[in-house]
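Asks: Got a structure for you, written out below as structure tokens; questions coming shortly.
The values are calculated or read from the model by the stated rules, or taken from the named source; none is laboratory data. The shown structure was predicted, so the numbers you read here are calculated from the model rather than taken from an experiment. Positions of Cβ are backbone-derived with ideal geometry, glycine not excepted, and every protein chain shown enters the neighbour counts. Areas reflect the complete protein model, heavy atoms only, side chains present, ligands, DNA and RNA absent. Shrake-Rupley method; radii C 1.70, N 1.55, O 1.52, S 1.80 Å.
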Amino acid sequence: MDRTGEFPLSPRRELDEDDIRVRPGRRGSRPRTRTRPSHSDAQEAMVIGVDRGRYTCWLDEQAVIAMRARELGRKSVVVGDRVALVGDVTGGPDALARIVRIEERRSVLRRTADDDDPYERVIVANADQLVVVTSLVDPPPRTGFVDRCLVAALDAGVEPLLCLTKADLAPEGAAEKFRQHWAALDLPVVTTRRDAEPVELEERLTGRLSVLFGHSGVGKSTLVNRLVPDAERATGGVSAVGKGRHTSTSAVALALPAGGWVIDTPGVRSFGLAHVSPASLLAGFTDLADGADECPPGCEHRSAEEGCALDEWVAAGHASPERLASYRSLLASRGDFVS
């Protein structure tokens, strides 16, 4: 304070941008951008295994462990996917690459837990062939389960193949009797024995990406161990109530010695088709689909009393009564109809 009772003014100082302190925000002061790297140097690989957020990919004849990049968002990565990798792709014990892109899938095989389950599960991607594995005995074969798998395969654009195992334990003629259920279809069928190598099955798998699917205990892992000698997939027996014990816990793709890949999947109790539209459900029964052309508009295909022409189609010998019963059983479990 001077003699006048006032505070003297501070000498004026010129300020520039360097004198101004700006408190950074929580996200930092770096400007955000929507531009993402193109990853033009990424290398394409195939996912052969998934385990707790880590993905085993096959690249240049070796396994590479990778994790998902954040930019993938919620996109799922499954066995069979073709993906783009960046980062450390050497495949060393401490190497970890990143999956930055999922290539377009040429096929997606899905299922639901039940017919009314809204949540669909992707089994594998890019499969050429679905091998429906069912034993002729212990556990006994189920035509309904095979029908469901055929519908799912045709809906996904995947070729079906029926593999009947344990023929050496079954009564004579059991395999032929079971395959008659699909006599009207052009469904390829192979039969395997425990005391012989699966030569015919191996020939049908060579050069393709095939997925083995079936109930627990039907012998999928046993087949894989014969097809890929160093696979060392765990095998198990069948319980006293005729249900198999789960041995495979996750899907895994294995390279076949003669070329191609086989995917072993965990055994399942059911094959839900909630993801399949009503029209595609009928299209999956190729021996019945043409007969529906004679049905009145809006036919629910549930019985002849409602004007359904499928009964006459079966009576004329175009399809078996068992196939029609299986189709209507699926309709009843879903509670919908085909328009």
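Asks: Could you tell me which residue of the stretch 211-220 is nearest to Arg269 (Cα to Cα), considering only residues that are open to solvent by less than 20 Å² (accessible area, probe 1.4 Å) and touching a helix residue (DSSP H, G or I) at 6+ places or on another chain (Cβ under 8 Å)?
Replies: Only one residue fits best here, namely Gly214.
Asks: Only one residue in Glu176, Glu159 is more than 18 Å from Val218 (Cβ to Cβ), without any contact (Cβ under 8 Å) to a residue 12 or more places away in the chain and of a type outside the set (Val, Ile, Thr). Which one?
Replies: Every option except Glu176 fails the conditions.
Per-residue answers, yes or no, for (1) among the hydrophobic types (A, V, I, L, M, F, W, C); (2) surrounded by 14 or more Cβ atoms within 10 Å (Cβ to Cβ); (3) part of a loop (DSSP other than H, G, I, E, B):
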site	(1), (2), (3)
Pro171	no, no, yes
Lys177	no, no, no
Glu197	no, no, yes
Leu201	yes, yes, no
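Asks: Another question, then. So which residues in the stretch 266-280 are within 20 Å of Val158 (Cα to Cα) and either in contact with a Phe, Trp or Tyr (Cβ under 8 Å, 6 or more places away or on another chain) or outside any helix (DSSP H, G or I) (or both), if there are any at all?
Replies: Once the filter is applied, which keeps residues that are within 20 Å of Val158 (Cα to Cα) and either in contact with a Phe, Trp or Tyr (Cβ under 8 Å, 6 or more places away or on another chain) or outside any helix (DSSP H, G or I) (or both), the stretch 266-280 yields Pro266, Gly267, Val268, Ser270, Phe271, Gly272, Leu273, Ala274, His275, Val276, Ser277, Pro278.
Asks: Also, I was wondering about something else. I'd like the residue in the stretch 111-128 that is over 17 Å from Pro266 (Cα atoms) and in contact (Cβ under 8 Å) with a residue 40 or more places away in the chain and, out of all such residues, is least open to solvent (accessible area, probe 1.4 Å).
Replies: Asn126
Asks: Among the residues of the stretch 249-274 satisfying the criterion of being more than 15 Å from the chain's Cα centre (by Cα) and exposed (fewer than 13 other Cβ atoms within 10 Å of the Cβ), which is farthest from Thr56 (Cα to Cα)?
Replies: Out of the qualifying residues, it is Arg269.
Asks: Restricting to the stretch 64-109, what's the tally of residues that are open to solvent by less than 40 Å² (accessible area, probe 1.4 Å) and touching a residue at least 60 places away in the same chain (Cβ under 8 Å)?
Replies: Adding up the residues that qualify gives 5.
Asks: Select, from Ser303, Ser277, the only residue that is modelled with pLDDT under 95, surrounded by fewer than 19 Cβ atoms within 10 Å (Cβ to Cβ) and within 19 Å of the chain's Cα centre (by Cα).
Replies: Of the residues listed, the single one that is modelled with pLDDT under 95, surrounded by fewer than 19 Cβ atoms within 10 Å (Cβ to Cβ) and within 19 Å of the chain's Cα centre (by Cα) is Ser277.
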